[in-house]
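The structure appears right after this line, and notes come after that.
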Amino acid sequence: MSSLRIDEVVFAGAIGRPGGPRPGTLPQVAFSGRSNVGKSSLINRLLGRTRSHVARVSATPGKTREINFFHVRATGEAGAVEFYLVDLPGYGYARVSKELRDSWRPLIEGYLRDNPELLGVVQLIDARHGPTKDDLQMVAFLEAAAIPTLFALTKIDKLGNSERRRQIAEIVGRLEVDPEQVIPFSSKTGEGREELLGALESLLVATH
Ligand code: GTP
Ligand code: MG
């Protein structure tokens with residue numbers, strides 16, 4: 001399916017406050033989702049970093065408050081590609097103060113807004129629970145900003161076959177998106193990895 005091979009991943013820097021500078025000028029693909037949705041696990045699985053992790057799988061959720069940039073070198077059908085994989089802070093963690101809970105918005109939205117090097121966003125949604133209020137707000141923001149968006153339905157391994165079909169159909173309906181934009185994903189089994197890499201490759205190649 002996908003021929004994109006990840007050759008190298010290096011941490012490139014972080015943005016810790018709204019309006020903070022990006023570490024460089026490569027094209028970017030950002031990963032967004034609520035806290036505990038499985039974002040670090042997905043990034044590690046996607047990049048093939050199962051032994052030495054790139055993104056930290058946290059024991060204490062809601063801790064990452066920075067936007068982290070990883071410089072990725074990969075080889076696709078059309079040759080070498082280079083980009084920043086951008087790990088956005090998880091939002092919507094309930095067990096922190098309201099102030100802290102709402103602090104993600106200016107940081108994340110400031111980064112996403114007016115960023116000509118941003119090729120697209122992979123928005124993670126928990127396959128079992130569907131989109132939360134915060135997820136729907138984020139999706140509305142992405143749509144209004146006309147940012148190309150793919151959806152990864154995480155933890156799909158936790159659903160049985162009939163439940164899985166029902167949840168996917170329901171989530172596609174609630175997000176009002178093309179089913180083609182929606183990729184069921186499991187960091188446990190690796191399901192969806194090839195499909196997501198293929199989608200990333202198309203995004204990278206289309207704009208090179
Ligand atoms: P924060 O950074 O804390 O906001 O969370 P996160 O979105 O990065 O989630 P993380 O990858 O840390 O995973 C949260 C929990 O879900 C961990 O206990 C993971 O082991 C579990 N998990 C993540 N992805 C999967 C998956 O695909 N399948 C299953 N069964 N569990 C998963
Ligand atoms: Mg994380």
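The residues listed here are LEU142, LEU204, LEU153, LEU200; of these, the one that is within 16 Å of ligand 1 (Cβ to nearest atom), hydrophobic (A, V, I, L, M, F, W, C), within 26 Å of ALA74 (Cβ to Cβ) and open to solvent by less than 20 Å² (accessible area, probe 1.4 Å) is LEU153. The number of residues in the stretch 112-130 that are over 19 Å from VAL29 (Cβ atoms) and open to solvent by less than 10 Å² (accessible area, probe 1.4 Å) comes to 3. The residues of the stretch 8-48 that are within 17 Å of GLY198 (Cα to Cα), among the aliphatic types (A, V, I, L, M) and either modelled with pLDDT under 95 or not in a strand (DSSP E or B) (or both), listed by number, are LEU42, ILE43, LEU46, LEU47. Consider the stretch 179-208. How many of its residues are within 16 Å of PRO27 (Cβ to Cβ) and of a type in the set (S, T, N, Q)? Total meeting the criteria: 2.
Kindly establish whether PRO106 is modelled with pLDDT under 95 and loosely packed, with under 15 Cβ neighbours inside 10 Å.
On the way: modelled with pLDDT under 95: yes; loosely packed, with under 15 Cβ neighbours inside 10 Å: yes.
Yes.
What do you reckon, is GLY160 modelled with pLDDT of 95 or more and open to solvent by 20 Å² or more (accessible area, probe 1.4 Å)? Yes: the conditions hold for GLY160. When ARG165 is tested against (1) touching a residue at least 40 places away in the same chain (Cβ under 8 Å); (2) open to solvent by 80 Å² or more (accessible area, probe 1.4 Å), only condition (1) is not met.
Matching residues to (1) among the β-branched types (Val, Ile, Thr); (2) closer than 28 Å to ARG49 by Cβ:
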residue: VAL122; (1), (2): yes, yes
residue: ASP134; (1), (2): no, yes
residue: VAL139; (1), (2): yes, yes
residue: SER162; (1), (2): no, no
residue: ARG166; (1), (2): no, no
residue: PRO179; (1), (2): no, no
residue: GLU191; (1), (2): no, yes
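The values are calculated or read from the model by the stated rules, or taken from the named source; none is laboratory data. A quick note: this is a predicted structure, and the numbers were derived from the prediction, not measured. Don't worry about glycine lacking a Cβ; one is built from the backbone with ideal geometry, like all the others, and counts go over all protein chains shown. Surface areas here come from the heavy atoms of the whole protein model, side chains and all, with no ligands, DNA or RNA. Shrake-Rupley method; radii C 1.70, N 1.55, O 1.52, S 1.80 Å.
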